[in-house]
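So the structure is just underneath, and the comments pick up after that.
The values are calculated or read from the model by the stated rules, or taken from the named source; none is laboratory data. Predicted model only: the values in this text are computed from it and were never measured. Counting neighbours? That spans all protein chains shown, and the Cβs are built from the backbone with ideal geometry, glycine included. Ligands, DNA and RNA are excluded from the accessible area calculation, which covers all protein heavy atoms including side chains. Shrake-Rupley method; radii C 1.70, N 1.55, O 1.52, S 1.80 Å.
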Amino acid sequence: MDFFTVRNGATELSVAVSGSGPLIVCVHGFPELWYSWRHQIAHFAARGFRVAALDVRGYGRSSKPREIAAYTLRHLASDVVAVIKHIGGGPAVLFGHDWGAPIVWHTALLHPDEIRAVAGLSVPFRPRGPVPFIELARSVYKGRFFYQIYFQQEGVAEAELESDIAGALRKIYFALSGAAPHNKWLEPKPPEARLLDGLVDPQPFPDWMNESDLAVYVDAFRASGFRGPLNRYRAQTLDFADLAELSGRGIMQPSAFIAGERDPVRAFVPGVDLYAEPGIACADFRGSTIVSGIGHWVQQEAPDETNAALEAFVRGL
């Protein structure tokens, strides 16, 4: 495993790279790191691919701009393209999980010549709607807690999460996993609640993340804090104005979707199964894989099933 620093203007991106061959770029979500792709890096590097996994800006050893406007999808997509151009071997195949999925979907839209194919994990592609998602959330979660609404006020979630980083990460990772009570993450709470209220700190933690794995995340967030990661949630309204050009546009490259059956993202909009038609706005959709019994952290909870689905997708290009 090699680590490179890639520059995108004033932003420095830390990138883990392994293997040689056609390029795959992996983009993580919240609250994670390049390390979330450790199983995919090893798998694809051993099978003739060059695999790069970056610390998204705001995370790990990458730059952490303070301003919210630095975390728009346009900026984050440009970071992905900077990695592709630095490493070479493009156009690249993109894998994105959680917030990494919207990042890779939008990289495919904004920089089509750089992207060969795209696989989204946990978050399917949805075309630009009539309002930002955060405004929809304020409507459907009126009178009750929803974490993305809680994240909007600067400094509040930072203070809660940074007061006990190890405990916060254990609770978040467990609550969104397939081992937790179903949709524990979305359990009704009053609007004045805090994120971690009612969440379980499991002892021991499920075996898909051992103590040394968890320590990688804990050490990184102790060094970096949470402002950058949380600013991604705060930039959603800026995205809506900034990406008006994408209204009505779908994904043209070959695409695929992978998720856990018990992922709470599936139920973010009450009464709607967000995983029902993941390819509805994708022109060359190669299929959906929903892994039974697995939660949000699909590539870590079920690496073998995830790798098999991703390899079938990539080999079919």
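The loop-placed trypsin sites (Lys or Arg not before Pro) in the range 208-317, going by DSSP, that have at most 14 neighbouring Cβ atoms within 10 Å of their Cβ come out as Arg249.
Just to confirm a number: summing +1 for Lys and Arg and -1 for Asp and Glu over residues other than Gly260 whose beta-carbon lies under 14 angstrom from that of Gly260, what do you get?
On the way: positive: Lys184, Arg262, Arg266; negative: Asp98, Glu261, Asp263, Asp273, Glu301, Asp304, Glu305.
Residues close to Gly260 contribute a combined charge of -4.
Given 0.36 nm per residue, what is the gain on full extension from Glu192 to Lys85 after removing their alpha carbon distance, in nm? Could you put the intermediate results ahead of the total?
Details: separation 107, 0.36 × 107 = 38.52 nm, distance 4.53 nm.
Roughly 34.0 nm would be gained on extension.
Under a 1.4 angstrom probe, counting protein chains only, how are Asp304, Asp219 ranked by accessible area, largest first?
Asp304, Asp219
Using alpha carbon centroids, what distance separates the range 171-209 and the range 23-86, in Å? So the separation of the two Cα centres works out to 26 Å. Helical content alone sets the calculated 222 nm signal of the chain at -10000 deg cm²/dmol, taking -39,500 (n - 2.57) per DSSP H segment of four or more residues and averaging over every residue. Apolar share of the accessible surface for the chain: 52 percent from carbon plus sulfur atoms, 1.4 Å probe.
Around Phe30, what is the net charge, scoring Lys/Arg as +1 and Asp/Glu as -1 over all other residues with Cβ under 11 Å from its Cβ? If you can, show how the numbers build up before the last one.
Values: positive: Arg232; negative: Glu32, Asp98.
Taking every Cβ under 11 Å from that of Phe30, the sum is -1.
The lysines whose alpha-carbon is closer than 28 Å to the alpha-carbon of Lys142, local same-chain residues fewer than 8 away aside, are Lys171, Lys184, Lys189. Within the full protein context, the accessible area of Tyr71 is estimated at about 0 Å² for a probe radius of 1.4 Å.
Considering only Pro188, Ala302, Thr72, and ranking their Cα positions along the charge dipole of the range 2-316 that arises from unit charges at the beta-carbon of Lys, Arg, Asp and Glu, the one farthest toward the positive end is Thr72.
In the frame of its principal axes, the range 12-85 has Cα extents of 40, 24, 16 Å, reported largest first. A dipole drawn for the range 2-316 from +1 and -1 charges on Cβ atoms has a positive end, and of Ile87, Ala223, Tyr59 the residue lying farthest that way is Ile87. Among Lys189, Lys142, Lys64, the sequence by solvent-accessible area, most first, with a 1.4 Å probe is Lys142, Lys64, Lys189.
Can you compute the equivalent ellipsoid semi-axes for the range 258-297, i.e. the square root of 5 times each eigenvalue of the Cα gyration tensor, sorted largest first and rounded to whole Å?
On the way: eigenvalues 67, 38, 8 Å².
Equivalent ellipsoid of the range 258-297: 18, 14, 6 Å, largest first.
Let me spell out the model: positive unit charges on the Cβ of Lys and Arg, negative unit charges on the Cβ of Asp and Glu, origin at the Cα centre of the chain. What dipole size does that give, in debye rounded to 20? Don't skip to the answer; put the middle values down first.
Values: 30 positive and 35 negative charges, 106 e Å.
That gives the chain a dipole magnitude of about 500 debye.
Give the distance, in whole Å, between the Cα centre of the range 225-290 and the Cα centre of the range 294-313. Going from one Cα centre to the other spans 18 Å. Among Tyr35, Tyr233, the order of accessible area from largest down is Tyr35, Tyr233, computed with a 1.4 Å probe on protein heavy atoms. Each label was represented as a point 7 Å from its Cα along the Cα-to-Cβ direction; for Arg74 and Ala215 these points are 4.4 nm apart.
Taking K and R as +1 and D and E as -1, what net charge do the other residues with C-beta under 15 Å from the C-beta of Ala193 add up to? Please report the intermediate quantities before stating the final value.
Working: positive: Lys142, Arg144, Lys171, Lys184, Lys189, Arg194; negative: Glu160, Glu187, Glu192, Asp197.
That sum, taken over residues with Cβ under 15 Å, equals +2.
Accessible surface for Ser36 stands near 0 Å², nearest 10, in the context of the full protein assembly shown (1.4 Å probe). Once the chain from Ile149 to Asn183 is taken as fully extended at 0.36 nm per residue, the excess over their C-alpha distance is 10.5 nm. Along the chain, counting only GluC sites (Glu not before Pro) with a DSSP assignment other than H, G, I, E or B and at most 11 other Cβ atoms inside a 10 Å radius, the longest segment between sites is 193-317.
Quote to one decimal, in nm, the extra length available between His111 and Arg249 on full extension: 0.36 nm per residue of separation minus the C-alpha distance between them. Walk me through the numbers on the way to the answer.
Values: separation 138, 0.36 × 138 = 49.68 nm, distance 1.31 nm.
So the extension gain works out to 48.4 nm.
Dipole check for the range 237-304: with +1 at the C-beta of Lys and Arg, -1 at the C-beta of Asp and Glu, and the Cα centre as origin, the magnitude is about 100 Debye. Taking Ala241, Ala101, Ala259 in turn, the Gaussian network model of the chain (Cα-Cα springs below 10 Å) assigns the largest fluctuation to Ala241.
Could you tell me which of rounded, prolate or oblate describes the chain, using a ≥ b ≥ c as the square roots of the eigenvalues of the alpha-carbon gyration tensor, with rounded for a/c under 1.5 and, failing that, prolate when a/b is larger than b/c and oblate otherwise? Working shown, then result.
Values: a/c = 1.29, a/b = 1.22, b/c = 1.06.
Judged from the Cα gyration tensor, the chain comes out rounded (a/c under 1.5).
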